[in-house]
Amino acid sequence: MTVAQDSTNKQRMHPVLLTAIAMAAFAANSLLCRMALGSGSIDPASFTLIRLFSGALVLALLLRPHWRELGLTLLWPISWPSTLSLFTYMVCFSFAYLSLETGTGALLLFGAVQLTMFAVALQGGERFNRWASLGLAMAAGGLVYLVAPGVTAPEPQGAILMALAGVAWGVYSLLGRGAKDPLVATGASFITALPFAALVSVAFLADQNISYSGFGLAVASGAVASALGYVVWYAALRHLTAARAATVQLSVPALAALGGVVLLSEPLSLRLVLASTLTLGGVALVLYQRSQRAAP
């Protein structure tokens with residue numbers, strides 16, 4: 001192998017490694033939250049506040065070289081839609097994992113995010129061909145099957161909260177597409193969402209319960225899996241087409257479910273396997289059809 005070939009291989013591996021780390025971080029958020037709340041080591045309101053605060057702190061430190069340059073423009077004018085959608089995602093995500101298993105929650109979140117984006121695309125005038133429409137129906141059907149009444153169905157309140165979290169994250173992602181600097185926009189949203197998380201924490205003060213392990217899991221979720229995970233993801237996006245970026249995220253629910261089985265001894269039910277096949281397969285079909293139409 002020549003030096004030039006070796007250099008080329010390293011350049012190709014760079015975005016692959018970044019993408020793999022980002023996907024692992026996104027899946028870790030579900031795993032860390034479930035570990036913390038499922039064990040009762042922290043309450044969901046405190047988990048949300050600590051996750052947001054630690055994430056905001058890390059992002060602020062990463063932006064430190066630009067503080068003088070940015071000044072008040074980091075936070076002003078405030079993007080209230082982005083702030084509120086991020087806050088809604090964070091708080092619903094935490095409360096949902098009081099009752100949902102890791103894989104179920106991750107699939108509901110991912111499915112709701114993708115369906116929200118597809119719905120916005122349809123509303124904006126985009127037309128799906130019959131294969132894309134079939135994929136959309138499969139994805140929606142998979143989520144309906146997942147939450148349908150039955151012995152292995154997830155708890156309804158948790159499922160509704162996670163679906164709301166997915167819609168909120170979908171909205172947040174769509175709003176963020178026009179950001180000039182994603183890191184700055186993310187840092188600003190984390191910081192401005194903090195007061196809302198603090199209000200929720202005060203409202204649930206009677207239920208407050210923070211152990212050392214719960215605190216550590218919340219910090220890991222905010223500082224590492226969220227803040228650093230987003231930074232790595234934005235770096236990876238420079239090397240990915242929109243279609244590839246959307247497609248690789250199909251791995252997140254599978255990684256989260258695997259983590260729940262291996263680390264938390266959660267059962268891998270037939271319902272979750274079938275629902276995942278329908279939902280992820282449907283999303284993949286839609287993404288493939290959209291990428292084919294976008295190709296020159």
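Summary of computed values
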{"read-out": "Ordering of 79-85, 109-115 by burial proxy (mean other Cβ atoms within 10 Å per residue, highest first)", "value": "109-115, 79-85"}
{"read-out": "Selection from V120, A24, F87, by position along the positive dipole direction of the chain (Cβ)", "value": "V120"}
{"read-out": "Computed magnitude of the charge dipole of the chain (debye, nearest 20; Cβ of K, R +1, Cβ of D, E -1)", "value": "860"}
{"read-out": "Distance between modelled label sites at A60 and I78, nm, 7 Å Cα→Cβ extension", "value": "1.5"}
{"read-out": "Accessible-area value, D207, 1.4 Å probe, nucleic acids and ligands omitted, Å²", "value": "100"}
{"read-out": "For the chain, calculated [θ]222 nm from helices alone, where every DSSP H run of n ≥ 4 adds -39500 (n - 2.57)", "value": "-25000 deg cm²/dmol"}
{"read-out": "Cα→Cβ-extended label distance, 7 Å offset, between S213 and V144, nm", "value": "4.1"}
{"read-out": "Relative contact order (percent, whole number), the chain, Cα cutoff 8 Å, 6+ residue spacing", "value": "41"}
{"read-out": "Proximal charge balance of A257 [Cβ under 10 Å; K/R count +1, D/E count -1]", "value": "-2"}
{"read-out": "Exposure rank, largest accessible area first [T88, T19; 1.4 Å]", "value": "T88, T19"}
{"read-out": "Exposure rule at most 16 other beta-carbon atoms within 10 Å, DSSP loop trypsin sites (Lys or Arg not before Pro): the chain longest free segment", "value": "1-126"}
{"read-out": "Förster-model FRET efficiency, 22 Å R0, V202 and E155, C-beta, rounded to 0.05", "value": "0.25"}
{"read-out": "Region 18-53 versus region 139-212: alpha-carbon centroid distance in Å", "value": "11"}
{"read-out": "Summed side-chain charge close to A45 - residues other than A45 whose Cβ falls under 13 Å, Lys, Arg +1, Asp, Glu -1", "value": "-1"}
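The values are calculated or read from the model by the stated rules, or taken from the named source; none is laboratory data. These numbers were taken from a predicted model, which means no experiment stands behind them. Note that we place each Cβ from the backbone using ideal geometry, even for glycine, and neighbour counts take in every protein chain shown. Note: areas computed on protein heavy atoms with side chains; ligands, DNA, RNA excluded. Shrake-Rupley method; radii C 1.70, N 1.55, O 1.52, S 1.80 Å.
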